[in-house]
1. Taking the conditions exactly as written (surrounded by fewer than 17 Cβ atoms within 10 Å (Cβ to Cβ), farther than 22 Å from residue 317 by Cα and out of contact with any strand residue (DSSP E or B) (no Cβ under 6 Å at 6 or more places or on another chain)), does residue 109 satisfy them or not?
2. Count, please, the residues in region 22-59 that happen to be in a loop (DSSP other than H, G, I, E, B) and either at pLDDT below 95 or out of contact with any strand residue (DSSP E or B) (no Cβ under 7 Å at 6 or more places or on another chain) (or both).
3. Can you go through 220, 244 and tell me which one is buried (at least 19 other Cβ atoms within 10 Å of the Cβ), more than 30 Å from residue 54 (Cα to Cα), under 18 Å from the mean Cα position of the chain (by Cα) and touching a residue at least 12 places away in the same chain (Cβ under 8 Å)?
4. So which residues in region 300-311 are touching a residue at least 60 places away in the same chain (Cβ under 8 Å) and farther than 14 Å from residue 49 by Cβ?
5. Just for strands (runs of 3 or more DSSP E) wholly inside region 115-228: which have at least 2 residues that are in contact with a helix residue (DSSP H, G or I) (Cβ under 6 Å, 6 or more places away or on another chain) and at pLDDT 95 or above?
6. In region 105-114, what count of residues is obtained for those that are assigned to a loop (DSSP other than H, G, I, E, B) and closer than 11 Å to residue 135 by Cα?
């Protein structure tokens, strides 16, 4: 378990974050389509080679989460992507859940699939060079939502997944996301997040998890997307830190906040305010997908000759998030 704790601490290293480049083929096809770019193995590979090949990325990024397809691909010189990443000083990881399905035919709530065969897949992923895995559970907010059943089922699945990960010698990222979609208030999100995290950590303990060898990825406490502007970054930070301090054990080495549909600038502003409220019992980090990639994706636009521009855009966003964490640390020291 000492190796897991060492890896987990490295994943949430001071002033660094985790790049979420684990979009499924379906999800990335939608993002490409918004730019008029065809999604095929070649275009997906070109885009991800550009991302991980950004010069100096490891100054701001500690780890990268991949999708299965990407993990099996290579850089232009034939080096496996995971091997290349590790040589640059970043830790390769893998998304292992198999997506969301409705918890019942008429329900908006969802449950995550992917436990079948997970142990065997993790053995292969370790052979391919990964050191951690990620499993995402989502929770809707609304009248009567999230339901106790949704919380209990998804928390149990996260606990079981995390146990299988640690048994396989891999650090689990436990992703519990209260979704932004809707018109719910800041207080509603805080309540839903508190209930969710209580259940998740209860299950992690019940499954015998080593919390120092686990990383939490979770949402900031924000109003719903329809009324997102009703709360300032300071409001978001205050509610987020209150919930995290009350419900995330100090043994967890770090919290990697997800952006959850926020714009690049919104996610950075909120992260900045959260970091300023330290010191915290755990490290504050970030694990953004669109909030790191949106500008880079537009700059690339499906054209390899735009690689340098796309890399500059990615580095700009990674640097901005790293700097707010570094600035908060420097103020306290």
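1. Working: surrounded by fewer than 17 Cβ atoms within 10 Å (Cβ to Cβ): no; farther than 22 Å from residue 317 by Cα: yes; out of contact with any strand residue (DSSP E or B) (no Cβ under 6 Å at 6 or more places or on another chain): yes.
No: the conditions fail for residue 109.
2. Going through region 22-59 one residue at a time, the tally reaches 13.
3. Working: 220 fails: more than 30 Å from residue 54 (Cα to Cα).
Checking each option against the conditions leaves just 244.
4. Quick first cut of region 300-311, residues touching a residue at least 60 places away in the same chain (Cβ under 8 Å) only: 300-302, 304, 307, 310-311.
Correct list: 301 only.
5. Counting at least 2 such residues, we get 132-139, 171-178.
6. Summing the residues that are assigned to a loop (DSSP other than H, G, I, E, B) and closer than 11 Å to residue 135 by Cα in region 105-114 gives 2.
The values are calculated or read from the model by the stated rules, or taken from the named source; none is laboratory data. Keep in mind it's a predicted model, so treat the numbers as computed, not measured. Cβ sites come from the backbone with ideal geometry, for glycine too, and all protein chains shown count toward neighbours.
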